[in-house]
Amino acid sequence: MRLLVTGGLGFIGSNFIRHMLAADRRVRIVNLDLRTYAGNPASLVDLSRNPRYRWARGDIADPKVVDRCMKGAEAVVHFAAETHVDRSILDAAVFLRTNVIGTQVLLDAALRHKVGRFVHVSTDEVYGSVARGFSREGDRLEPNSPYAASKAASDLLVRSYVVTHGLPALVTRASNNFGPYQYPEKALPLMITNWMDAAPFPLYGDGRNVRDWLFVLDHARALELVLRRGRLGEVYNIGGTHSCSNRELIERVRVLMGVGPELVRRVPDRPGHDRRYALDCAKLKSLGFRHAYGFTEALQATVDWYRGNEAWWRPLKKGGVYRRYYSRQYAARLKGRTSK
Ligand code: TYD
């Protein structure tokens with residue numbers, strides 16, 4: 001199978017590429033990735049000599065580049081996106097350009113090149129906050145952050161290409177991913193890497209927000225299943241094995257790492273912070289999906305990975321892009337808090 005993967009230098013994309021190449025020797029992958037701040041060639045250095053893998057540097061919103069990469073592709077798995085909620089609050093423009101326009105450019109090219117399957121990778125955040133119960137695929141989309149709104153827009157665009165043009169596309173909506181190679185601005189890698197340096201983790205608000213945690217390697221397995229066996233035109237939720245509040249998550253990681261409670265610093269809440277996400281995954285299970293990793297073992301593996309791969313994340317945290325973002329995002333909050 002000749003696959004075009006977009007955003008394959010990112011966290012989930014890079015894990016998916018490694019999974020697919022190992023799972024099936026007939027798979028060949030072109031990875032179209034712009035290498036933004038969150039895309040890191042170091043995440044796939046082990047594949048640099050693999051003849052079945054090639055990285056094409058380019059922007060999914062550039063029709064010429066996309067057209068070149070789409071040639072010969074039998075299927076597309078589309079990860080490329082701006083994904084960090086806090087960044088979308090600071091500046092939404094790039095979220096719309098990449099997540100919405102980029103998706104439209106890809107969909108048009110997929111139509112022109114008569115691609116056999118197009119999997120659009122999305123998020124549970126499009127459903128908005130659910131006070132109780134579980135979001136099902138047919139539920140209303142009620143995105144609350146600019147990031148979630150941009151993903152909801154792209155999901156709807158995919159739907160429109162299915163209905164109007166008969167594009168053989170599917171949408172997946174996953175819960176919070178964790179695991180190796182996640183950029184350390186997201187909660188879990190931020191927590192682990194800060195604690196490795198005895199720096200505090202800034203906990204937003206009261207810490208009672210609930211997230212459902214999905215190990216990235218299980219996500220990769222679920223995506224392979226949807227790619228091969230999912231019904232065209234359908235949406236599939238992909239949830240994890242453990243749902244908990246941020247406080248509980250922190251406690252578990254704190255115990256695993258053996259750090260004290262003084263390294264949790266409460267800071268003012270994220271504006272519009274969704275209280276709870278929860279997915280009903282019956283549809284995915286009906287395709288035969290079972291998780292392969294327990295939460296505790298996956299969390300331990302993640303902590304171990306960051307401990308064993310400082311050469312991967314330290315340069316990111318030292319870099320200007322990260323430091324500028326980090327100081328804008330957190331320093332003011334932390335200072336405000338400690339001076340109270
Ligand atoms: P995050 O990893 O940003 O994912 P998302 O917002 O997409 O769920 O955050 C996970 C949870 O952790 C979320 O409820 C926000 C919270 N959080 C903090 O408390 N402090 C932080 O510094 C970050 C980044 C997140």
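Please treat every number below as a calculation from the coordinates, not as lab data. Note that the structure is predicted; figures quoted are calculated from it, not measured. Here Cβ is always computed from backbone atoms with ideal geometry, including for glycine, and neighbour counts include all displayed protein chains.
Assorted remarks:
- Calculated [θ] (222 nm, deg cm²/dmol) that DSSP helices of n ≥ 4 give over the chain, each run adding -39,500 (n - 2.57): -12000 deg cm²/dmol
- Highest average packing first - 103-114, 261-272, Cβ atoms within 10 Å: 103-114, 261-272
- Relative to the 2.2 N^0.38 Å rule of thumb, region 56-136 has a C-alpha radius of gyration ratio of 1.28.
- Ellipsoid equivalent to region 141-233 - semi-axes via the Cα gyration tensor, in Å: 33, 17, 10
- Ordering W312, W213 by the number of other Cβ atoms within 10 Å of each residue's own Cβ, fewest first, gives W312, W213.
- Long-range tail of P(r) for region 193-340 (Cα pairs > 22 Å, %): 54 percent
- Förster radius 35 Å - calculated FRET efficiency between R26 and D197 (Cβ-Cβ, nearest 0.05): 0.20
- Long-range amide H partners of A174 with built H, under 5 Å: S122, T123, D124, I238
- Shown here is the pair-distance distribution of region 221-304: with all Cα-Cα distances grouped in 5 Å bins from zero up to the longest one, the shares run 3, 11, 17, 16, 15, 16, 11, 7, 4, 1, 0 percent.
- Ordering Y181, S135, S122 by Cα displacement along the dipole of region 122-211 toward the positive end leaves S135 in first place; charges were set at the Cβ atoms of Lys, Arg (+1) and Asp, Glu (-1).
- On Cα atoms only, tilt of 102-112 relative to the major axis of the chain in degrees: 20 degrees
- 12 Å beta-carbon shell around D280, net charge (K/R +1, D/E -1): 0
- In percent, rounded to a whole number, the relative contact order of the chain is 17, using alpha-carbon pairs under 8 Å and six or more apart.
- Dividing the Cα radius of gyration of region 178-223 by 2.2 N^0.38 Å, with N the residue count, gives 1.33.
- For region 11-111, the calculated P(r) over all alpha carbon pairs, in 5 Å bins from 0 to the bin holding the longest distance, is 2, 11, 23, 23, 20, 13, 6, 2, 0 percent.
- Whole-Å semi-axes of the chain's equivalent ellipsoid (Cα gyration tensor): 31, 22, 20
- Among the listed pairs K186/K318; K186/K317; K114/K285; K71/K114; K64/K114, a Cα-Cα separation exceeding 21 Å is found for K114/K285.
- Euclidean distance between Cα centres, region 37-70 to region 162-181, Å: 19 Å
- For region 98-174, diffusion coefficient by Stokes-Einstein and Kirkwood Rh (Cα), 25 °C, 0.890 mPa s, µm²/s: 190 µm²/s
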